[in-house]
Amino acid sequence: MTGGRQYARLRPDELEALQRAAPVAYVPLGPLEFHGPHLPVGVDRFIAHALCTQTAAVAGGVVLPTSHIVCGCLDLPFTLDFAPELVEATVRATIDQLVSRGYRVVVVLTGHGPLDLIHLIKRVCRDAESGTPDLRAYGLCWLELNAHRGVAERAGEPAMVDHAALVETSWMQHLYPDLVEVARLDDDPEAAHVGVYGRNPRFTAHRDFGAGQVAQAVELLAHRVRDMLEGGRVDPLADLHRFVELAWPEPLELTGQGGDAATAMLRLHNPGRASRYVSECRLEIDGRALDPASVTLVNTSPGERGVPVPAAALGPESGFYIRRGQTATVRLGEPVADGVHRVAGRLGLGGVATQEIGEDMHFPT
């Protein structure tokens with residue numbers, strides 16, 4: 001084969017031969033997004049493409065060019081972010097055309113990990129399957145493959161997924177070492193860097209760690225592709241359930257923030273080392289439910305957009321991020337009299353789990 005298994009590099013006779021052997025097409029997704037001073041902006045693209053290419057070499061199939069049309073990106077320098085509607089239309093049109101060209105298994109793999117994007121591609125894949133009974137369309141993020149393996153923390157840092165820290169830096173050191181320059185990071189293990197969500201990877205990342213995770217991810221994905229070729233299905237949410245269970249053990253902390261009675265607010269703090277994605281926020285004050293359309297969540301931390309998000313608008317594809325160590329504000333949208341009040345309710349986590357709330361709080365604090 002002149003082009004290996006890369007769709008764009010193959011002649012028609014080569015594509016035909018590979019399709020007869022295994023009618024599988026891989027659709028890698030990854031943005032152009034700031035990843036600290038030591039990594040290129042295409043990290044997520046490189047990871048997605050490498051996983052797809054290595055899996056195709058084991059399980060068969062061909063790999064399409066990586067698309068940078070994705071959503072859910074951090075508001076950081078040189079980052080390109082697109083509307084979810086455009087992402088949905090692009091992914092769905094790609095799947096439909098691949099099916100029309102004879103492919104029966106389509107793997108949409110994102111190297112970009114926000115839960116809104118992950119839920120979006122899973123829904124698009126599910127909708128595509130509903131109209132084609134013999135199609136297997138599988139949407140996933142590489143973090144799910146780590147979650148399935150139950151990857152434990154390493155040196156006190158999350159080891160399933162991060163942004164430009166231990167995990168991504170280690171993967172890039174293994175896959176594309178010429179693109180990584182850890183010397184651009186501060187010579188202090190506790191130094192913070194814009195766009196790096198974790199401890200200084202100059203002192204935590206290692207290519208052998210990345211190599212081990214990549215090998216296990218390819219092995220698992222290849223097994224699933226073979227199973228789908230034989231008519232099997234993958235539970236699209238099982239790995240996300242496991243991810244939330246293992247990676248988010250500490251509950252989000254809800255506390256009073258102050259303000260006068262007419263502008264009652266709460267703090268919602270993430271005490272953990274991994275980003276949290278709130279997909280639901282239902283609150284009560286002294287047993288009285290607050291209107292979700294009036295309750296808003298705001299995160300003004302660096303990299304976030306600081307745009308108020310109504311609780312009524314939250315969902316698996318429209319959640320609210322509170323990243324490592326960040327604190328967001330919850331505006332209640334109605335007066336609360338001075339004194340101690342019972343705040344209760346429910347937070348949705350990652351679109352797959354919930355956290356119950358019940359605290360006595362003093363207003364104003």
Residues that are assigned by TED's automatic domain parsing to the domain that holds L175 and under 17 Å from the mean Cα position of the chain (by Cα): does the range 1-23 have at least one? no
Scanning the range 76-106 for residues that are touching a Phe, Trp or Tyr at 6+ places or on another chain (Cβ under 9 Å) and assigned to a loop (DSSP other than H, G, I, E, B), which turns out surrounded by the most Cβ atoms within 10 Å (Cβ to Cβ)? L76
Looking only at the range 107-139, filter to residues that are within 16 Å of the chain's Cα centre (by Cα) and of a type in the set (K, R); which one of those is surrounded by the most Cβ atoms within 10 Å (Cβ to Cβ)? K122
Would you please name the residue that is modelled with the highest pLDDT, looking only at residues in the range 321-365 that are within 30 Å of G198 (Cβ to Cβ) and basic (K, R)? R346
Of the conditions (1) out of contact with any Asp or Glu (no Cβ under 7 Å at 6 or more places or on another chain); (2) over 30 Å from V182 (Cα atoms); (3) of a type in the set (A, V, I, L, M, F, W, C), the single one that L120 does not satisfy is (1)
Quick check: anything in the range 190-210 outside the structural domain of L74 (by TED's automatic domain parsing) and of a type in the set (S, T, Y)? no
Going by the conditions given, is A289 among the hydrophobic types (A, V, I, L, M, F, W, C) and either touching a His at 6+ places or on another chain (Cβ under 9 Å) or modelled with pLDDT of 95 or more (or both)? yes
Tell me which residues, restricted to the range 75-88, are at pLDDT 95 or above and closer than 15 Å to F320 by Cβ. P84
Segments classed as strands (runs of 3 or more DSSP E), wholly inside the range 258-365, with at least 2 members that are under 19 Å from A247 (Cα atoms) and in contact (Cβ under 8 Å) with a residue 60 or more places away in the chain: 276-285, 320-322, 339-349, 353-363
Quick check: anything in the range 152-168 of a type in the set (V, I, T) and farther than 30 Å from R101 by Cα? yes
Could you check the range 140-174 and list, in sequence order, the residues that are of a type in the set (G, A, S) and either in a helix (DSSP H, G or I) or not assigned by TED's automatic domain parsing to the domain that holds I47 (or both)? A147, S170
Breaking point among (1) in contact (Cβ under 8 Å) with a residue 12 or more places away in the chain; (2) under 30 Å from I322 (Cβ atoms); (3) of a type in the set (D, E), for D96: (2)
Would you call D227 outside any strand (DSSP E or B) and surrounded by fewer than 14 Cβ atoms within 10 Å (Cβ to Cβ)? no
Return the residue satisfying two criteria in turn: it lies in the range 263-286 and is of a type in the set (K, R) and modelled with pLDDT of 95 or more, and of such residues it is surrounded by the most Cβ atoms within 10 Å (Cβ to Cβ). R276
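The values are calculated or read from the model by the stated rules, or taken from the named source; none is laboratory data. Here the structure is a predicted model, which means the values were calculated and not measured. Every residue, glycine among them, receives a Cβ derived from its backbone with ideal geometry; neighbour counts consider all protein chains shown.
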